[in-house]
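The values are calculated or read from the model by the stated rules, or taken from the named source; none is laboratory data. Computed from a prediction, not measured in an experiment: that's the story for all the values here. Note that we place each Cβ from the backbone using ideal geometry, even for glycine, and neighbour counts take in every protein chain shown.
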Amino acid sequence: MFSLLAIVVLTFSFAPSIHASVDFPPASIGSGFSEPYSTPEWSLSKITGYKPLAPGKVGQGDHPLCASASDAHCADSAGILADLVVPPCYTPTDRFCIEGLEMSVEGSPVVPGQLVRELKTAATSPGDPASGLPKGGSASIWTTPTMHQGGANTYAVVVTGSYYKSKEQSQFGAFRFSASVYPVNLNPGAYCGFEMYEVIDQFGEQNFSSRMVGNNCANQFADHCILTESGTCVVPAEYAPNSRVALSLRMDNKVTGWLFGRMKDVDMKSTALDSKNNLLRVEATSLNLMSAKAWVTKKEAPNYKLLWEDITTKWFLTKAAFDEWVANPGSGWGDMLPVGSFKQFAMWEPLLKPEAQDNWRWNFAAANNNIANSPKCLDESGRANIVGLVTTNAPIYDGGAPTFKDGFLDYKLAGLHTKADGSLFIGSYDLVIRSAFARCLYGFTNAPLEATVSVVSADGTTSNVATEVVQERNGWISLAARNFTFSSPTARIKFSQTSTAPTKSTTPTGVEKSSPSGKKSTITKKSTIVCVKATSVKKVSAINPKCPKGYKNK
């Protein structure tokens, strides 16, 4: 699996959000962030070719739509790309499939759900075992005993994986992967499914698009559907607060590297099914995420230095085009992607206003941008393995692996300081890392490990953050940091090994955490208090914790 992080971002974050229409004053521009949903068009399996742009021509090159990996229509392509939706597993021998969904309310063991059906679409794609390409299917609907806020117990599971093979290669390689579980309601009506089709684009080149299949489709303007099939619109709802979700996938072991996503209190396990496939099980609690919007009139925009510099230097090819834009009474809007939009966030931060709404999500995606300068550790821990997972509630985050530098694992985050009600927006960060990989990075033995967590703010100020969980089980080390604030911090983690005594966990006494096997382990810790001084927050952990001078116990 090779690293194409920009394409990973497309799979995980390119789909638009489902929200109320954006309405700004005349002659204004706006932006904002919210976690994206799937859309019908972006949840279709497809195989496409790529033919480079001919010398002297303007365009993007041809992207023909292929009926299969060996379709003669795509035979002269420089490469073949397969974007596949992972179907449910129907037999014990099936591979590249969803084995199961489990769920519970907070504090209870997860309970297995039941497959209702795979959505009926015309967008499945055939596999090609000889070249290592799995078969693509459709998104699936499941029921669980856990009700969501929409008043039902139905959930959509959308898992995608992408594979690429150049003309010179005999085997497809995996490079893109994402998994989302959405609480949904199924609305019956005259809705239509979608299909992929080939078009000739504005450059006169072969390209592909999607369209509804059927007549008099009720979803012609129904942007509230995140998935559709003939007769059904799949509408997103909200999780019950802090729902516990577990997803089990039979995946090609070409899916390696780092996972990142939206969840907390993570348990992860990856075991070999056979020489080419792993069973990946991820169990975690859903996160309630922030969303925000911003707008500014074109007349007032020069008052915001970073934003105005970006507009004047990058948006227009000529001064005449710029002048025309300024004089135009129209308005414009552009979403920030959750992954990597740090510059855009900095430009808009003074104008962003948080929205008061629930926004519960549970998802993760894969990135193979493994920690730099660690090829030896990748070899020792197994390149054909998932290395780790990082998750956070930060609106903007650095997708993929933490950066390993000077003995620290750093992960960049960004978000607003307060919520819509004026209270502090408190950060959440979880790291699960393969034990063998962590020990190799630090040169440690098999003795138990300890970890410290600090948060470095944009101005260089460092605050220690109490580690809520530090434990090692089933070949994985997991930890969680809570109660830090924004706007642009870096979560910094350092492992240490000071004794051969078992590492004490730092989760509150009596809290039980479910393991992948369903068994519970009781964890103990020192007591922790949160101390506040103006807009500063510190968390103090000790047997008898006290706030620093000038701080008050929250």
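Data table
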| read-out | value |
| --- | --- |
| Residue count, the stretch 214-270 (criterion: of a type in the set (Asp, Glu) and part of a strand (DSSP E or B)) | 4 |
| Long-range neighbours under 8 Å by Cβ, at least six apart or interchain, first residue within 22 Å of Ala420 (Cα to Cα) within the stretch 287-301, second part of a loop (DSSP other than H, G, I, E, B) and basic (Lys, Arg) | Met290/Lys419 |
| Selection count, the stretch 85-130, where residues are assigned to a loop (DSSP other than H, G, I, E, B), among the acidic types (Asp, Glu) and under 14 Å from Ser45 (Cβ atoms) | 0 |
| Per-region count, the stretch 362-405, residues part of a loop (DSSP other than H, G, I, E, B), at pLDDT below 80 and not β-branched (Val, Ile, Thr) | 13 |
| Members of the stretch 190-210 found to be of a type in the set (D, E, K, R) and touching a Phe, Trp or Tyr at 6+ places or on another chain (Cβ under 6 Å), listed by number | Glu198 |
| Selection count where residues are over 18 Å from Glu168 (Cβ atoms) and without any contact (Cβ under 8 Å) to a residue 40 or more places away in the chain, scope the stretch 72-106 | 6 |
| Lone unmet requirement of (1) loosely packed, with under 15 Cβ neighbours inside 10 Å; (2) of a type outside the set (S, T, N, Q); (3) in a strand (DSSP E or B) for Ala82 | (1) |
| Residue within the stretch 20-37 that is out of contact with any Pro (no Cβ under 7 Å at 6 or more places or on another chain), within 20 Å of Pro134 (Cβ to Cβ) and of a type outside the set (Val, Ile, Thr) present | no |
| Cβ-Cβ under 7 Å pairs, at least 6 apart or on other chains, the stretch 414-440 side under 16 Å from Phe345 (Cβ atoms) and free of Cβ contacts under 8 Å to residues at least 24 places away in the same chain, far side surrounded by fewer than 18 Cβ atoms within 10 Å (Cβ to Cβ) and not polar (S, T, N, Q) | none |
| Single unsatisfied condition, Ser131 versus (1) within 20 Å of Arg95 (Cβ to Cβ); (2) in contact (Cβ under 8 Å) with a residue 60 or more places away in the chain; (3) of a type outside the set (Lys, Arg); (4) surrounded by 17 or more Cβ atoms within 10 Å (Cβ to Cβ) | (4) |
| Leading residue by the ranking (nearest to the chain's Cα centre (by Cα)) among those in the stretch 404-417 that are loosely packed, with under 15 Cβ neighbours inside 10 Å and on the phi < 0 side of the Ramachandran plot | His417 |
| Selection count where residues are surrounded by fewer than 23 Cβ atoms within 10 Å (Cβ to Cβ), on the phi < 0 side of the Ramachandran plot and not hydrophobic (A, V, I, L, M, F, W, C), scope the stretch 429-443 | 4 |
| Residue count, the stretch 163-191 (criterion: at pLDDT 90 or above and either closer than 17 Å to Ser45 by Cα or among the polar types (S, T, N, Q) (or both)) | 13 |
| Failed criterion for Leu280 (all others in (1) within 30 Å of Arg95 (Cβ to Cβ); (2) surrounded by fewer than 13 Cβ atoms within 10 Å (Cβ to Cβ); (3) not basic (Lys, Arg) hold) | (2) |
| Test for Ala179: is it farther than 23 Å from Lys51 by Cβ, under 26 Å from the mean Cα position of the chain (by Cα) and touching a residue at least 24 places away in the same chain (Cβ under 8 Å) | yes |
| Those residues of the stretch 105-147 which are among the small types (Gly, Ala, Ser) and touching a Ser or Thr at 6+ places or on another chain (Cβ under 6 Å), in sequence order | Gly113, Ala123, Ser125, Gly136, Gly137, Ser138, Ala139 |
| Selection from the stretch 339-360 of residues that are at pLDDT below 90 and touching a Gly at 6+ places or on another chain (Cβ under 9 Å) | Val339, Gly340 |
| Matching residues, the stretch 85-117, being surrounded by fewer than 21 Cβ atoms within 10 Å (Cβ to Cβ), out of contact with any Lys or Arg (no Cβ under 8 Å at 6 or more places or on another chain) and β-branched (Val, Ile, Thr) | Thr91, Thr93, Val111, Val116 |
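Yes/no matrix, rows are residues, columns are (1) of a type in the set (D, E, K, R); (2) farther than 30 Å from Pro236 by Cβ; (3) surrounded by fewer than 19 Cβ atoms within 10 Å (Cβ to Cβ):
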| residue | (1), (2), (3) |
| --- | --- |
| Lys276 | yes, yes, yes |
| Asp310 | yes, yes, yes |
| Trp325 | no, yes, yes |
| Pro350 | no, yes, yes |
| Gln357 | no, no, yes |
| Ala365 | no, no, no |
